[in-house]
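What follows is a set of notes on a single structure, which appears directly below.
The values are calculated or read from the model by the stated rules, or taken from the named source; none is laboratory data. Being a predicted model, the structure only gives us computed values, none of them experimental. A quick note on method: Cβ atoms are made from the backbone with ideal geometry, for glycine too, and the neighbour counts reach across all protein chains shown. Just so you know, the surface numbers come from the protein's heavy atoms only, side chains and all, with ligands and any DNA or RNA stripped out. Shrake-Rupley method; radii C 1.70, N 1.55, O 1.52, S 1.80 Å.
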Amino acid sequence: MREDFKITVAIAVTGIGVVAGMFFLIGMLVHRGDTDVSPLIFLKVTVNFVVMLCGSALTVGATGLVIVALIAGTAAVVPKLDEETIYAVITGPVVLLVIFLLITSAAILQFLLREQLHRWHMLFRFSDDDYALSEYLIQWSTIFLAVYQVVFQGLSEAASELLHVESSQQVLAAVLNPNNMNLTVQPLLMCSWISLVMEKLRHRHRLGVHQQWAAPQVLSDDR
């Protein structure tokens, strides 16, 4: 086994462990004092998230093969087209439509597959909180992955600027540089969002300080 592969596996395992540990801590903090909900809820959601990613990879791959086969079959039936005509057909909207068709078809296929797995009791039974957390996890991951290229590119640029500063004004100028704004603000937005979700879940279950903010009971008409 190559040394770089061992390092990659070690980093991956460590990363999974860190993520699992953080979600376990979040679950413990959110549901402390709650006897009805297990603090392992975040870990359960994370496991389901990984399972769904694997399922998405399988369904997208299968759907992609079907679409490629259909395109190849159509190309074999249609008379040979010249290069200019092909470029005229393969436009941005057409590519986006094919991608949309691929994603939605794969999603429908995974939905049907998961329904069958639920019948066989091979998947977790989810509550409303579980589904809400799953949506949050997908949103957080999507946003993080959507900006990671900008973030890592900005890291090198910001680091080079901060290494050569001589005053606090230069530090502030580097932080407020429009090219580095995403690097500066994005972690703050993610931090605020995660904190708000944790607070929202405790408020929903009337835990801790949120017990005193429980909605008053509505009196019936005969009282």
Qualifying positions in the stretch 112-125 - open to solvent by less than 40 Å² (accessible area, probe 1.4 Å) and in a loop (DSSP other than H, G, I, E, B)
123
Return the pair list, or none, for Cβ contacts closer than 8 Å from residues in the stretch 41-69 that are hydrophobic (A, V, I, L, M, F, W, C) to residues that are open to solvent by less than 60 Å² (accessible area, probe 1.4 Å) and not in a helix (DSSP H, G or I), at least 6 apart or on different chains.
41/31; 51/123
Condition check for residue 92: loosely packed, with under 10 Cβ neighbours inside 10 Å, more than 20 Å from the chain's Cα centre (by Cα) and at pLDDT below 85
yes
